[in-house]
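Input: a single structure, listed below in structure tokens.
Derivation of every value follows stated rules applied to the coordinates shown; laboratory data play no part. Note that the structure is a prediction, hence the values are computed from the model and not measured. Virtual Cβ from ideal backbone geometry, glycine too; neighbours counted across all protein chains shown.
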There are 2 protein chains.
Amino acid sequence: MKEKDLLARLGKLRTKSGTVETPLLFPVINPSIQPVSPNRLKEEFGFEAIITNAYILKKRYLNQPIEMGLHKFLGYDGAVMTDSGAYQILIYGGVEVDQAEIVNYQEGIGSDIATILDIPTGWKVTKNQASLTVEETLRRAKDFFKIKTRDDILWVGPVQGGRHLDLVTKSALEIGRLPFQIHALGSPTEVMESYRFDVLVDMILTAKKNLPIERPLHLFGAGHPIMFSLAVALGCDLFDSAAYALYAREKRYMTENGTWRLSELDYFPCQCPKCSRETPKNVLDKSAKEQEIFLAEHNLYACSGELRRIKQAIRDGRLWEYVEIRVHSHPALLTAFRKLKEHKDLLEKHNPTVKSSGLFFSDSEGLSRPEVTHYRERITKRYSHPKGSRILLLAPQTYNKPFHKASEFQKIQQVLKRLESSMLHKIHVCFYAAPFGVIPLELDEVYPLSQHDNATPVEDATIRYVASEVANLIMRSNYEAVTLIHDPQNWSDQVKNACKKSCLTKGIKFSHLVLKEDSTKNILTRLEMILRKNLSE
Amino acid sequence: MKEKDLLARLGKLRTKSGTVETPLLFPVINPSIQPVSPNRLKEEFGFEAIITNAYILKKRYLNQPIEMGLHKFLGYDGAVMTDSGAYQILIYGGVEVDQAEIVNYQEGIGSDIATILDIPTGWKVTKNQASLTVEETLRRAKDFFKIKTRDDILWVGPVQGGRHLDLVTKSALEIGRLPFQIHALGSPTEVMESYRFDVLVDMILTAKKNLPIERPLHLFGAGHPIMFSLAVALGCDLFDSAAYALYAREKRYMTENGTWRLSELDYFPCQCPKCSRETPKNVLDKSAKEQEIFLAEHNLYACSGELRRIKQAIRDGRLWEYVEIRVHSHPALLTAFRKLKEHKDLLEKHNPTVKSSGLFFSDSEGLSRPEVTHYRERITKRYSHPKGSRILLLAPQTYNKPFHKASEFQKIQQVLKRLESSMLHKIHVCFYAAPFGVIPLELDEVYPLSQHDNATPVEDATIRYVASEVANLIMRSNYEAVTLIHDPQNWSDQVKNACKKSCLTKGIKFSHLVLKEDSTKNILTRLEMILRKNLSE
């Protein structure tokens, strides 16, 4: 593993045909109707791995792939993964092989990564039905280890349970105890087709939480670039895409922003080698087969470009920022992203504490970021205000950071300097600031408290969060008085009201000054008066 | 003009060297150090127009471009625009030509689009200084018409004033009265370099509002794809980019999501023909000159790809959605986007009323959309509830739309059907819904009230808006009673409190039922009871 960000990681996966880098997309190969040859997928498009279906190979080509070897049969020298026919069980209700046959076949053809014959749960099933698929998959997973004979193949142990999260938990826990090298989350295709990305977030994170975290996780059947970044951020390492070819056959054009029919396009919203050389009008004049190949190739470029953007974002420590851009492509993705609020602790647990870059905060979704969770934990559980400080002086965030160096604070600093030093150390200055809440002056250069940019004005939900963090600080500390420099223009009355209420509850004195641009001098005079009065009491 | 969306338009601009399509980007050509030849810009990269600097041409090449003709001199047969040296005034404080000379020179070389010698205002100047630049620019603009001799050149009349919006207003109004074919907004470069996109929004819209709307507007010196979509949405039609080459010289890599140094890249976050064939590591091994050319070409692909995405978004009627994705690339862009709240009416004035597609609403910024403004105007000024209706029944939005066909409403409908028809017509059903506020049942299929998707949960600012719209309806109508089906899980107490307060003010009866998943039957029984009681009073 090279780098981590959120639950995502840049990693290496060693297969017998070479080492591949994750996150990784396996284009699905259908040997009988393949718009782009496996060889070109590697040489021209840079795909280091592909996936094909062992069940279909067996049915159509019998022993030929065994005799030739899978790689020679496909004309591909990268890593080849095979699926087992489980998808066909989901679609057609059953397959004409048993697990031993399909495991032996995959060993026979020499897959690099292979899959047991699991039973997909599907989407619209009752809990009882779902439970049966989980039990049968687990039974087969255990059986499998008695069947397998080769040790150089990476085997995939799928997690089932569908939208029934308790079943997903059970499935993940039990299959995680078996020595599979890779896990997979089954049947999200239908979840995605109905745009229930919110359900998918819960499914993925439930699986992640209960599987051995170091093993790669494959999200089966998730082949649209619109959701790669979110899934990677949640810890999915492997993807397969039949969509690039299926969409092409239906004359559909995919991008990380969404899908178009070719006939809807006046301009190609993409700069890939195909789209930089052609216009939709020209492509529509070509034969159906040429259109299909054009679209398949564009779709592949769209997928590989998106994966590179995601990898670079992980490398930059900016995956949150990237996902935030991407989820604005569809309200259903943003709805799913907002679900991360419920999974803050899991995100925080795995996210690296210090990154190479500053953070961008745009919307109140940023409150779910691991950095915010981490800081809250730290300030709540491991922080107490400087010994001897009796008065909390709360100042609003400044335009530039760190706060204590900003010009707005320099003015307040002048007032403080006028106080005798015996008084000064009784005053504790904290800033209230989006999105971290309350930041003691002595911490304001600690990463990332000054290393971030925020969109303004501060949103309601963030104001509310900051107000509650200020109140929490007052409640758990033993200040004797609180003085607030109140900035109604940017913070409404919420911070003030929260302070006032906590002071009332604690029975301590609360004073406030209202920040107005035109009367800085008066404010400073009043501030000095209040502080001196509080200190003399 | 072909299509419109927000203040953006797809248009055609006729020049003497051919018709070009807007929005249009002119790559800046520096004949002495040009990384990509003008001919390749057209043939390989598809740029229909370029811009070069007449002042520099005159200084360096004297009469040669006049003798050869500009197009032959540059080796380019598309449209060529020339700037006048105004940028050099801004940077170096002055130029060694007067306006007559540079106007004559541009006529002499045969520019297709040419610029008078305006005086750029710049960024950090006092209002007095700014005012002088506006006055002098206007004086020269008037003088110009006495100097010019050719009628086949499109002349640009620049608007100055910088961040002083009253000066921008004056400048735009006065120059708009002169018969220029094109206008330009001067000196936004420094505004953009300091990331004050919020100031830029005000500058652009102030210019737009006061210029003849049909004339194309050029945003001078705005060459980074990160802000094209926002500027186009605000009505900028023309851009020039020296950045593609300047950034390349500094080893910087630009995308619609931001800028990287080449040395920071492990992966190319792009699928352009350059980035699909190389890795950053390979490019870093090349010579400095090769690196520069690679980056210049990538930067050009990044710009042209982004312009195609924008054009397709205009064509789809989805420019708002596209800008919303893009502004999440940087908090300063989102801050600027939030400024549109102050310009709702201008956006509404020019936006087409009906589009070919449904709308996506993600964040509360969506409340500034022209469709929301338009609906609010209509419902406030031109709507009154059905004659004879006495009781307002408010139901929450449903999962599927139109509301009156959704299963949640069907249950309520059953209660209504149990009432005698003489009672029924006294009840007026409205839905409270994000983001449009309050939607009378009889209107719920009118575009776009059912043709939109929203991210959930509904954000605070949107809840507040909906609550205020519900209150407004009650205040301006003459219902005798209001019954609210209250959904505290999704709407907190705000809608309820707003209803209650308005009813109290109006002195009419208010009742409410609390929606809970487990007691639908009780709710319906109570609903019938309340309605019958209200109707019998």
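Taking Rh as the Kirkwood radius computed over C-alpha pairs, what is the Stokes-Einstein D of the range A:228-287 at 25 °C in a medium of viscosity 0.890 mPa s, expressed in µm² per second?
Translational diffusion coefficient: 187 µm²/s.
Sorted fewest first by neighbouring Cβ atoms within 10 angstrom, B:Asp166, A:Asp444 come out as B:Asp166, A:Asp444. 3J(HN,Hα) along the range B:420-427: 5, 5, 5, 7, 3, 6, 8, 9 Hz, from the Karplus curve 6.51 cos²θ - 1.76 cosθ + 1.60 with θ = phi - 60°, whole Hz, x for Gly and Pro. Per-residue ellipticity at 222 nm computed for chain B from its helices equals -13500 deg cm²/dmol, with DSSP H segments shorter than 4 residues left out and the rest contributing -39,500 (n - 2.57). For the range A:275-323, the set of GluC sites (Glu not before Pro) satisfying both a DSSP loop assignment and a count of at most 10 other C-beta atoms within 10 Å is empty.
Under a Cβ-Cβ cut-off of 11 Å, what is the net charge of the residues other than B:Glu537 that fall near it, where Lys and Arg count +1 and Asp and Glu count -1?
Numbers: positive: B:Arg390, B:Lys509, B:Arg532, B:Lys533; negative: B:Glu480.
Around B:Glu537, the charge tally is +3.
Of the trypsin sites (Lys or Arg not before Pro) in the range A:336-383, the ones in a loop by DSSP (not H, G, I, E or B) with at most 14 other beta carbons within 10 Å are A:Arg382. Extent along the principal axes, Cα only, for the range A:52-126: 43, 22, 18 Å, with the longest axis given first.
The slack between A:Asn522 and A:Ser492, meaning 0.36 nm per residue of separation minus the straight C-alpha distance, is 8.7 nm. Specify the angular offset, from 0 to 90 degrees and rounded to the nearest 10, of the alpha carbon long axis of helix A:494-506 from the longest principal axis of the alpha carbons in chain A. Here the helix axis deviates by roughly 70 degrees. Here is the P(r) of the protein assembly as shown: all C-alpha pair distances, binned every 10 Å from 0, give 2, 9, 16, 19, 20, 17, 11, 5, 1, 0 in whole percents. Across all Cα atoms of the range B:392-536, the radius of gyration (one decimal) and Dmax (whole number) stand at 14.3, 41 Å. Counting only DSSP beta bridges with both residues in chain B, the antiparallel share comes to about 25 percent. Calculate the length of the line joining the C-alpha centroid of the range B:295-338 to that of the range A:333-387, in whole Å. Each part reduced to its Cα centre gives a spacing of 28 Å.
Please report the net charge: other residues with Cβ closer than 13 Å to the Cβ of A:Ser384, K and R +1, D and E -1. All intermediate terms of the calculation are to be shown ahead of the outcome.
Numbers: positive: A:Arg378, A:Lys381, A:Arg382, A:Lys387, A:Arg476; negative: A:Glu442.
Charge balance in the 13 Å sphere: +4.
Each of B:Leu504, B:Gln489, B:Leu515 was placed along the dipole of the range B:466-535 (beta-carbon charges, centred on the mean Cα), and the one lying farthest toward the positive end is B:Leu504.
Neighbour counts of other Cβ atoms within 10 Å put A:Met254, B:Met192, A:Met475 in the fewest-to-most order A:Met475, B:Met192, A:Met254.
Beta bridges assigned by DSSP with both partners in the range B:141-297 are antiparallel in approximately 30 percent of cases.
Nearest 5 percent is fine: what portion of the DSSP beta bridges confined to the protein assembly as shown is antiparallel?
Values: 32 of 118 bridges.
That works out to approximately 25 percent antiparallel.
The modelled label-to-label distance for the pair A:Tyr383/B:Lys341, using points 7 Å beyond Cα in the direction of Cβ, is 2.7 nm. The same position A:Lys533 in the other copies lies at 5.1 nm from this copy, comparing label points 7 Å beyond Cα toward the beta-carbon, shortest first.
For the range A:3-57 and the range A:116-138, write down the distance between their C-alpha centroids in whole Å. Answer, in whole Å: 27. Rounded to the nearest 20 debye, the dipole magnitude of the range A:384-445 is 200 debye, with +1 charges on Lys and Arg beta carbons, -1 on Asp and Glu beta carbons, and the Cα centre as origin. Using the crude model of +1 on Lys and Arg Cβ and -1 on Asp and Glu Cβ, and no other charge, please compute the dipole size for the range A:202-291 relative to its Cα centre, in debye to 20. Once rounded to the nearest 20, the dipole reads 180 debye. Across all Cα atoms of chain A, the radius of gyration (one decimal) and Dmax (whole number) stand at 28.8, 94 Å.
Ordering B:Ser84, B:Cys275, B:Ala461 by the projection of their Cα atoms onto the charge dipole of chain B, which places +1 on the Cβ of Lys and Arg and -1 on the Cβ of Asp and Glu, puts B:Ala461 at the extreme positive end.
Rounded to the nearest 20 debye, the dipole size of chain B about its Cα centre is 1760 debye, using +1 on the Cβ of Lys and Arg and -1 on the Cβ of Asp and Glu.
Taking 27 Å as the limit for the C-alpha separation, the pairs B:Lys124/B:Lys208; B:Lys341/B:Lys516; B:Lys355/B:Lys381; A:Lys12/A:Lys289 exceed it in the case of B:Lys341/B:Lys516; A:Lys12/A:Lys289.
Distances between copies of B:Ser519, taken at a point 7 Å out from Cα along the Cα→Cβ vector and listed shortest first: 5.1 nm.
Can you pick out the pairs among B:Lys311/B:Lys401; A:Lys401/A:Lys506; A:Lys349/A:Lys500; A:Lys387/A:Lys506; B:Lys142/B:Lys170 whose Cα atoms lie more than 23 Å from each other?
On the way: B:Lys311/B:Lys401 29 Å; A:Lys401/A:Lys506 32 Å; A:Lys349/A:Lys500 34 Å; A:Lys387/A:Lys506 19 Å; B:Lys142/B:Lys170 15 Å.
Result: B:Lys311/B:Lys401; A:Lys401/A:Lys506; A:Lys349/A:Lys500 exceed 23 Å.
Rounded to two decimals, the Cα radius of gyration of the range A:282-430 over 2.2 N^0.38 Å is 1.66. Using only the C-alpha atoms of the range B:452-537, find the volume of their convex hull and express it per residue in Å³. Spread over its residues, the Cα hull of the range B:452-537 gives 111 Å³ apiece. With R₀ set to 22 Å, the beta-carbon distance separating A:Asp77 from B:Asp285 gives a calculated FRET efficiency near 0.30. For the residue pairs A:Lys344/B:Lys344; A:Lys4/A:Lys339; A:Lys59/A:Lys146, the C-alpha atoms sit more than 31 angstrom apart in A:Lys344/B:Lys344.
Working from Cα positions, state the angle (0 to 90°, nearest 10) between the long axis of helix A:460-476 and the longest principal axis of chain A. The answer is roughly 60 degrees.
Most exposed first by the Cβ proxy, i.e. fewest other Cβ within 10 Å, how do B:Thr115, B:Thr15, A:Thr483, A:Thr259 rank?
Numbers: B:Thr115 30, B:Thr15 20, A:Thr483 25, A:Thr259 16.
Taking fewest neighbouring Cβ atoms as first place, the list is A:Thr259, B:Thr15, A:Thr483, B:Thr115.
The same position B:Thr259 in the other copies lies at 3.8 nm from this copy, comparing label points 7 Å beyond Cα toward the beta-carbon, shortest first.
Would you please give the FRET efficiency between A:Gln64 and A:Leu173, computed as 1/(1 + (r/R0)^6) with r the Cβ-Cβ distance and R0 = 45 Å, to the nearest 0.05?
On the way: r = 40 Å, r/R0 = 0.89.
Plugging the Cβ-Cβ distance into 1/(1 + (r/R0)^6) gives 0.65.
Neighbours of A:Tyr105, meaning other residues whose beta-carbon lies under 14 angstrom from its beta-carbon, give a summed charge of -1 when Lys and Arg score +1 and Asp and Glu score -1.
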